[in-house]
Amino acid sequence: MLELRDVDAAYGDIRVLSGVTLAVGTGEIVALLGPNGSGKTTLLTSIAGLLRPRGGTIRWEGEDLATVPAHLVVERGLALVPEGRRLFGGMTVEDNLELGAFAPRARRHRAEGFARVYALFPDLRERRRQLVRSLSGGQQQMVAVGRALMTNPRLLMLDEPSLGIAPRLVVSIFAALAEINRAGVGVFLVEQNVQAALTLAHRAYLLESGRIAGQGRAADLLHDPHVRRAYLGPLAVRT
Amino acid sequence: MAVGLTLIFGVMRVVNFAHGDMMVWGMYLAFVLSTRAGIDPYVSFVVCAAALFVLGVAVQRGLVDRILAAPHEMQILLMLGVALVLENTALLAFGPEPARVRSPLARLTWDVGPLYVDVARLVTFGLAIVLTLALSLFLFHTERGRLIRAAADNPYGAMVIGTDVRRVYATAFGIGAACVGAAGALVSPILPFQPPTGLSLSVTSFNIVIIGGMGSLLGAFIGGLLVSVAESLGAVFLRPSLKELFSFSLLILILLLRPAGLFGRRAS
Ligand SMILES: Nc1ncnc2c1ncn2[C@@H]1O[C@H](COP(=O)(O)OP(=O)(O)OP(=O)(O)O)[C@@H](O)[C@H]1O
Ligand SMILES: [Mg+2]
């Protein structure tokens, strides 16, 4: 279980997160929705240990992550699929996946990892010898999810996995997330594709200007007038 | 030598201006080992590589690590500073006179038909090939090597899969320095040297790396061959002091025709 309490984060003098409190239970799918620049990516990088929060606490399975270096956060079972994927473009699909499982704990599960990723994304098995750079955006996103799964996580965090991807592939990636979750892995999903995210998630939080502006069951939020107006309505500004 | 520079630049995007001076240190180390302990440079290059590996890791951990995110001009200043420190300590320790390491091999030549083949050069060349091959094997066929390539390709991506990127950088810088250490020892019987030699060696390495293509090992190796052939031809047909004219003309030609270098990929 992941618990954030009163987390503040900033870049230099620019304050980005103010008093963010939220939780993701074991095996739960939680979505975090918010407009551009509201601090979603900042929140994920803080959890992953890539940015040190200015205040508040981040606990994962009871342990305070404040002093855990980023490379050991992954060893604790928290994996991030970062915004923009950040794959190793000059290497093959197989190399990218294998690198996901280089840390000691993941290495013991490498064979299962490959089997699991290729079962979820059969396309990748066929393309395993291709350079990642030569794949489409959607296929690359599958590699990014696959690489994170290879770390053998108990919580998978994803930063806008649907961004700039063909709708058909968004459907298969979201189906894979549901499948991953059925195996007991928690999912913390940052999205601007609100419809898709709320359909998949159990619960959701709304982040606006670095503050939690609302939360609730996904099914309720999907019908909430404020959410519909701000995130789904015809007047909503979407990029 | 150029292979080491390529590795460091390719992984960290830091241009190591201290490269030639590190090589001179490799040469002096071979010199000391040969004069004090009687170890031939063709044996002691292993020790020189190991010593320079340690120096490289120390420079990376102590200095370069702090400026990876800094603007390029800061990095250049720092590396020039390291170069000056290395050059002047060499001057203090060994004095300004040119030194040369004696190796029994350096006195041998083979007659192959109409040609004289200098055995020392042949051995140096052979070992350079072996070392370049060994480095490629390491980078492409071992897990550590793959991790270094991954961190070079996308450092942030390497971090999110749990890589201790600082440690990978230290290894890469160390290996890059070890390459120059070995190179220094291997050319020490052929090339007389003194502390300021470092600067011209750095310049030659940059020339080679730019011709071959930044970040390509094969490019560094082929670039090295081209530059040395160009310089030998220059020395034969013009005057030895004009040999750099040839290699720099080659550089300008390549930059005009293929700005990314022979084996470089254009940054996208
Ligand atoms: N490295 C940085 N340095 C300074 N400011 C930053 C940095 N990264 C983000 N910011 C600022 O912090 C704020 C929040 O950015 P963040 O990337 O967390 O938002 P986001 O919700 O992920 O946005 P998007 O939907 O565009 O991905 C923005 O105002 C952004 O300009
Ligand atoms: Mg973002």
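Odds and ends about this structure:
- Filter result (more than 8 Å from chain B (Cβ to nearest Cβ) and within 28 Å of A:Gly164 (Cα to Cα)) within the stretch A:97-114: A:Leu97, A:Ala101, A:Gly113, A:Phe114
- Restricting the first member to the stretch A:65-94 and to residues that are over 20 Å from A:Val145 (Cβ atoms), and the second to residues that are in a loop (DSSP other than H, G, I, E, B) and within 16 Å of ligand 1 (Cβ to nearest atom), the beta-carbon pairs closer than 7 Å and six or more apart or on different chains are A:Leu65/A:Gly49; A:Val68/A:Gly49; A:Pro69/A:Gly49.
- Set A:Gly62, A:Gly55: member being more than 14 Å from chain B (Cβ to nearest Cβ) and under 20 Å from A:Arg211 (Cα atoms): A:Gly55
- Lone qualifier among A:Arg59, A:Arg105 - being more than 13 Å from ligand 1 (Cβ to nearest atom), surrounded by fewer than 20 Cβ atoms within 10 Å (Cβ to Cβ) and part of a strand (DSSP E or B): A:Arg59
- Residues that are of a type outside the set (A, V, I, L, M), on the phi < 0 side of the Ramachandran plot and within 16 Å of ligand 2 (Cβ to nearest atom) within the stretch A:178-210 comprise A:Phe188, A:Glu191, A:Gln192, A:Asn193, A:Tyr205, A:Glu208, listed in sequence order.
- When A:Asn36 is tested against the conditions (1) under 25 Å from A:Val227 (Cβ atoms); (2) away from ligand 2 (no atom under 16 Å from the Cβ), the lone failure is (2).
- Just one of the listed residues (A:Val68, A:Val73) is away from ligand 1 (no atom under 15 Å from the Cβ), under 28 Å from B:Arg167 (Cβ atoms), within 14 Å of chain B (Cβ to nearest Cβ) and more than 18 Å from the chain's Cα centre (by Cα), namely A:Val68.
- Breaking point among (1) farther than 16 Å from A:Thr199 by Cβ; (2) touching a residue at least 40 places away in the same chain (Cβ under 8 Å), for A:Pro161: (1)
- Taking the stretch A:156-166 as the range and being of a type outside the set (Ser, Thr, Tyr) and either under 12 Å from the mean Cα position of the chain (by Cα) or modelled with pLDDT of 90 or more (or both) as the test, the residues that pass are A:Leu156, A:Met157, A:Leu158, A:Asp159, A:Glu160, A:Pro161, A:Leu163, A:Ile165, A:Ala166.
- Across the stretch A:1-45, the number of residues qualifying as of a type in the set (Asp, Glu), in contact with a strand residue (DSSP E or B) (Cβ under 6 Å, 6 or more places away or on another chain) and part of a loop (DSSP other than H, G, I, E, B) comes to 1.
- Checklist (1) over 18 Å from the mean Cα position of the chain (by Cα); (2) more than 15 Å from ligand 1 (Cβ to nearest atom) applied to A:Arg54, failing item: (2)
- Within the stretch A:33-45, considering residues that are within 14 Å of chain B (Cβ to nearest Cβ) and in contact (Cβ under 8 Å) with a residue 40 or more places away in the chain, the one surrounded by the fewest Cβ atoms within 10 Å (Cβ to Cβ): A:Thr41
- Yes/no for A:Arg86 being part of a loop (DSSP other than H, G, I, E, B) and more than 14 Å from chain B (Cβ to nearest Cβ): no
- Matching entry among A:Leu169, A:Leu124, A:Leu156 (being in contact with a strand residue (DSSP E or B) (Cβ under 6 Å, 6 or more places away or on another chain), more than 16 Å from ligand 1 (Cβ to nearest atom) and either in a helix (DSSP H, G or I) or in contact (Cβ under 8 Å) with a residue 12 or more places away in the chain (or both)): A:Leu156
- The stretch B:160-173: number of residues that are buried (at least 24 other Cβ atoms within 10 Å of the Cβ) and either facing chain A (nearest Cβ under 7 Å) or more than 24 Å from the chain's Cα centre (by Cα) (or both): 3
- Scan of the stretch A:174-194 for residues that are buried (at least 19 other Cβ atoms within 10 Å of the Cβ), at pLDDT 95 or above and hydrophobic (A, V, I, L, M, F, W, C), ordered by number: A:Phe174, A:Ala176, A:Leu177, A:Ile180, A:Val185, A:Val187, A:Phe188, A:Leu189, A:Val190
- Residue among A:Val117, A:Val81 that alone is over 16 Å from B:Pro155 (Cα atoms), within 14 Å of another protein chain (Cβ to nearest Cβ) and under 21 Å from the mean Cα position of the chain (by Cα): A:Val117
- The stretch A:132-153: number of residues that are part of a loop (DSSP other than H, G, I, E, B) and either within 16 Å of ligand 2 (Cβ to nearest atom) or within 16 Å of A:Gly27 (Cα to Cα) (or both): 2
- B:Gly145 being surrounded by 22 or more Cβ atoms within 10 Å (Cβ to Cβ) and out of contact with any strand residue (DSSP E or B) (no Cβ under 9 Å at 6 or more places or on another chain): no
- One residue stands out in the stretch A:155-177 among those that are away from ligand 2 (no atom under 16 Å from the Cβ) and of a type outside the set (A, V, I, L, M, F, W, C): the one that is nearest to A:Ala79 (Cα to Cα), namely A:Ser172.
- B:Ala70 at pLDDT 90 or above and either surrounded by fewer than 14 Cβ atoms within 10 Å (Cβ to Cβ) or of a type outside the set (Phe, Trp, Tyr) (or both): no
- Applying the set (1) within 14 Å of chain B (Cβ to nearest Cβ); (2) away from ligand 1 (no atom under 16 Å from the Cβ); (3) modelled with pLDDT under 95 to A:Gly12 leaves exactly one unmet item: (2).
- Verdict on A:Ala197 being within 16 Å of ligand 1 (Cβ to nearest atom), away from chain B (no Cβ under 14 Å), of a type in the set (A, V, I, L, M) and crowded, with 17+ Cβ neighbours inside 10 Å: yes
The values are calculated or read from the model by the stated rules, or taken from the named source; none is laboratory data. These numbers were taken from a predicted model, which means no experiment stands behind them. Heads up, the Cβs are rebuilt from the backbone with ideal geometry, glycines too, and the neighbour counts pull from every protein chain shown.
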